[in-house]
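Contents: one structure, followed by commentary.
The values are calculated or read from the model by the stated rules, or taken from the named source; none is laboratory data. This is a predicted model, so every value here is computed, not measured. When we count neighbours, we look across all protein chains shown, and the Cβ atoms used for this are built from the backbone with ideal geometry, even at glycine. In case anyone asks, the SASA skips ligands and DNA or RNA and just uses the protein heavy atoms, side chains included. Shrake-Rupley method; radii C 1.70, N 1.55, O 1.52, S 1.80 Å.
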Amino acid sequence: MSSRDLVFVVIAILSCALLITAQISIVAALAVRPPRWRALAVIAFPPLAPFWALREKLRGRAATWLLSALVYAVVRLVSS
């Protein structure tokens with residue numbers, strides 16, 4: 001494995017971990033705000049997470065989710 005491959009693997013792992021953390025954070029925040037069914041919907045369909053996070057003024061969490069998803073997707077495409 002070359003050092004370039006290692007960098008892609010590390011970036012992919014970190015961005016995936018950040019995406020999962022942002023998802024869990026958004027689910028937890030939506031679970032304490034009415035209507036609570038949105039938290040379950042976000043678990044079933046994750047792309048709704050940044051949309052509803054922005055509607056609830058959770059801008060930092062939504063931005064983290066979007067940025068980490070973008071970085072993960074770009075790394076996956078470039079490393080293929």
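Computed quantities for the displayed model
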item	result
Loop-located trypsin sites (Lys or Arg not before Pro) in the range 26-80 whose Cβ has at most 14 other Cβ within 10 Å (DSSP)	Arg36, Lys57
Rounded FRET efficiency, nearest 0.05, which uses the C-beta distance separating Cys16 from Phe45 and R0 of 22 Å	0.75
Total charge dipole magnitude, the chain, about the Cα centre, Cβ charges on Lys, Arg, Asp, Glu only, Debye to nearest 20	340 debye
Within the chain, helix-based [θ] at 222 nm, where runs of 4 or more DSSP H residues each add -39,500 (n - 2.57), nearest 500	-27500 deg cm²/dmol
For the chain, convex hull of alpha carbons as volume per residue, Å³	78 Å³
0 to 90° range, to nearest 10: angle between helix 59-79 axis and the chain longest Cα axis	30 degrees
The chain, accessible surface, carbon-and-sulfur percent (1.4 angstrom probe)	73 percent
Among Leu14, Ala53, Ser79 - extreme Cα towards positive end, dipole of the chain, charges at beta-carbon	Ala53
